[in-house]
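All of the numbers you see were taken from the coordinates with simple rules; none came from a lab. This one's a predicted model, so the numbers in the text were calculated from it and none came from an experiment. A quick note on method: Cβ atoms are made from the backbone with ideal geometry, for glycine too, and the neighbour counts reach across all protein chains shown.
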Amino acid sequence: MTFQIGDRVSVLDDDISGIITEIKNNDVSIETSDGFVLEFQSNELIKAKSFSSDIFSREGLQDVLKEKEQHSKKQSVKKKPKERNLPAMEVDLHIHKLTDSNRRMTNYDMLTLQLDTAKRQLEFAMRKRIQKIVFIHGVGEGVLKMELETLFRRYDNIKYYDADLQKYGYGATEVYIFQNLNP
């Protein structure tokens, strides 16, 4: 790097800067802001950038202001609180959603299919690290809901509660899965 007398420089491996006062071959003398004259090899120095003209010029300031104005005009898409809390996954356990025909199925067979589906979907959500699931079970006599609660109690890392009343009515249960922080 070529230096000239009057250049502002900084020392590479030290917190020293100053202005070049003398250059002799590869030796460069600099005067620090404290008034000390120190001598360094030219490969130990680097030119310091001048902050006076470029950054604080009127044109540069106007460019920064235009960029800030354009950035503030871009509106971020804000989600409503209701949309933010929507569950990531819904599982409809109505029997007509799970099978084409339930004609030859007993009540026990239907309940077993619904519970197997619920367990499979819950474990899928745990593997995929999905935090919220809504199981839509319907109102009925409450047998499926009670069996689901029995299933959910077997897991230590979940809590369950009635799902959003406005969206699902009384026929859905929301499950929150606590994510294991330790893999």
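Quick one: length gained pulling E44 to E31 fully straight, 0.36 nm per residue minus the C-alpha distance?
On the way: separation 13, 0.36 × 13 = 4.68 nm, distance 1.50 nm.
Extra length available between E44 and E31 comes to 3.2 nm.
Enumerate the residues in segment 123-146 having an amide nitrogen under 17 Å from the point lying 7 Å beyond the Cα of Q166 toward its Cβ.
The answer is none, because no backbone nitrogen lies closer than 17 Å to the label point.
What aspartates and glutamates could a cross-link reach from K97, if we take a straight Cα to Cα line under 19 Å and drop same-chain neighbours fewer than 8 places away?
Once the sequence-local aspartates and glutamates are set aside, what remains near K97 is D109, D116, E141, E147, E174.
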